[in-house]
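These notes are about the structure you will find just below.
The values are calculated or read from the model by the stated rules, or taken from the named source; none is laboratory data. Since we're looking at a predicted model, the values are computed, not measured. Ideal geometry is used to build each Cβ from the backbone, glycine not excepted, and the neighbour counts take in all protein chains shown. Heavy atoms of the whole protein, side chains included, go into the accessibility calculation; ligands, DNA and RNA do not. Shrake-Rupley method; radii C 1.70, N 1.55, O 1.52, S 1.80 Å.
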Amino acid sequence: MKKEKEGSLLLGIIALLVVIIVVALVGVLALKPDATLIQGEAEATEYRVSGKVPGRIEMYLFEEGEQVRKGDTLVIIYSPEVEAKKAQAVAAREMAEAVNQKAKNGAQPQQIEGAYELYQKALAGEEIYRKSYERVQRLYDKGVVSAQKRDEVEAQYKAASATVRAAKSQYDMALAGARDEDKAAAKAQVARVDGILKEVAAAEAERYLLSPCDGEVSETFPKVGELVGQGSPVMAIVDLNDVWFTFSVREDILPYFQPGAQVTIKIPALGEEKRFPVIVTHIKAMGTYATWRTTRQNGGYDVRTFDVKCRPMAHIDGVRPGMTAIVMRE
């Protein structure tokens, strides 16, 4: 009987110890702080493709979701204003070139020949008036003709000489062609129109919008046929080779995310079991609105939220902007 009581007492003591141990373990586990889950998302560089000339969307050469290479033509814009300016510039170029060629070539052969004939005619007239003047002068010296008659013939002779000089000047101008100033002005006019043509060619090239990088078409904005203004975004290209992750981190756990620190994340969309190392590259305070919270319900100090940027240490296949990224901090 006594042995039975001792055995029951021993079992009771053992049971009590087991209960104490279980309660202690539960207390330790209950008091252990929960793991801090920090959630963020993946982001990537996105380019907005826009043009310098207004017009209407004529054609999309790529659709949303398709892969593009740097330099690929993405969109063609129809711009009647550019076509009109091109036609005007071409016509102005032809006119300027004609004027320049005329200045270079000088007078036509027919004009030179006509000026020469007028010069020869003036010489012949001068010769006749010279002989008449010499005869009248001899008669005047003999007292046969009056001084008035001599003066009239002398005036005719001088007028004929002036006509010769004028005709010679016109002939010389025809031989020399345009003045140097006129040639320079014609040449400058051609250069000015060439500049306009280059400007029109540049505007025409802007009708074809090119991809700025290798990437994926994430979005197209206007529809075919819609009007777009200068600088209006037409298409968005996302560079999936330039991906990073952003997390909103309270400053009381910010020491875990110092620049250069290595952090392990998981991306649920790529599998719960996979882990990826990333490097903290940038920390920036977020706006004051909705970024403050108290450390205790009944007191303490307020902590602010910071924007933490992390870059993967190696390329992550399959990651896309907007995917959730999680950091588990024990």
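Which one of E63, E46 is part of a loop (DSSP other than H, G, I, E, B) and either at pLDDT 90 or above or hydrophobic (A, V, I, L, M, F, W, C) (or both)?
None of the other options fit; the residue is E63.
If you scan region 220-240, which residues turn out to be over 30 Å from V319 (Cβ atoms) and of a type in the set (S, T, N, Q)?
Once the filter is applied, which keeps residues that are over 30 Å from V319 (Cβ atoms) and of a type in the set (S, T, N, Q), region 220-240 yields Q230, S232.
One residue is enough: does region 265-284 have a residue meeting the conditions outside any strand (DSSP E or B), open to solvent by less than 20 Å² (accessible area, probe 1.4 Å), modelled with pLDDT under 90 and within 18 Å of G40 (Cα to Cα)?
Yes, region 265-284 contains at least one residue that is outside any strand (DSSP E or B), open to solvent by less than 20 Å² (accessible area, probe 1.4 Å), modelled with pLDDT under 90 and within 18 Å of G40 (Cα to Cα).
List the residue pairs whose Cβ atoms are under 7 Å apart, where the first residue sits in region 246-258 and is under 13 Å from G40 (Cβ atoms), the second is in a helix (DSSP H, G or I), and the two are 6 or more positions apart or on different chains.
Matching pairs, first to second residue: V249/F257.
Hey, any hits in region 253-263 for a residue that's farther than 27 Å from D317 by Cβ, at pLDDT below 85 and not hydrophobic (A, V, I, L, M, F, W, C)?
No, every residue in region 253-263 fails to be farther than 27 Å from D317 by Cβ, at pLDDT below 85 and not hydrophobic (A, V, I, L, M, F, W, C).
Please find, within region 66-83, the residue that is farthest from D239 (Cα to Cα) out of those that are of a type in the set (S, T, Y) and part of a strand (DSSP E or B).
Y78
For R135, work out the one condition from (1) modelled with pLDDT under 75; (2) more than 30 Å from V234 (Cα to Cα) it doesn't fulfil.
(1)
If you check R320 against the conditions, is it open to solvent by 70 Å² or more (accessible area, probe 1.4 Å), touching a strand residue (DSSP E or B) at 6+ places or on another chain (Cβ under 7 Å), over 30 Å from V82 (Cβ atoms) and at pLDDT 85 or above?
Judged against the criteria, R320 is a match.
Conditions: (1) touching a Lys or Arg at 6+ places or on another chain (Cβ under 8 Å); (2) under 24 Å from E58 (Cβ atoms); (3) not polar (S, T, N, Q); (4) not in a helix (DSSP H, G or I). A203 meets all but one. Number of the miss?
Failing condition for A203: (4).
Being open to solvent by 70 Å² or more (accessible area, probe 1.4 Å) and part of a strand (DSSP E or B) is the filter; apply it to region 32-43 and report the residue that is modelled with the lowest pLDDT.
Only one residue fits best here, namely L37.
Can you tell me which of E226, E216 is touching a strand residue (DSSP E or B) at 6+ places or on another chain (Cβ under 9 Å), on the phi < 0 side of the Ramachandran plot, open to solvent by 30 Å² or more (accessible area, probe 1.4 Å) and of a type outside the set (K, R)?
E226
Condition first: among the basic types (K, R), open to solvent by 90 Å² or more (accessible area, probe 1.4 Å) and assigned to a helix (DSSP H, G or I). Now tell me which residues in region 127-162 satisfy that.
Listed by number, the residues that qualify are K131, R135, R138, K149, K158.
If we keep just the residues of region 285-299 that are out of contact with any Lys or Arg (no Cβ under 7 Å at 6 or more places or on another chain) and surrounded by 10 or more Cβ atoms within 10 Å (Cβ to Cβ), which is modelled with the highest pLDDT?
My answer is M286.
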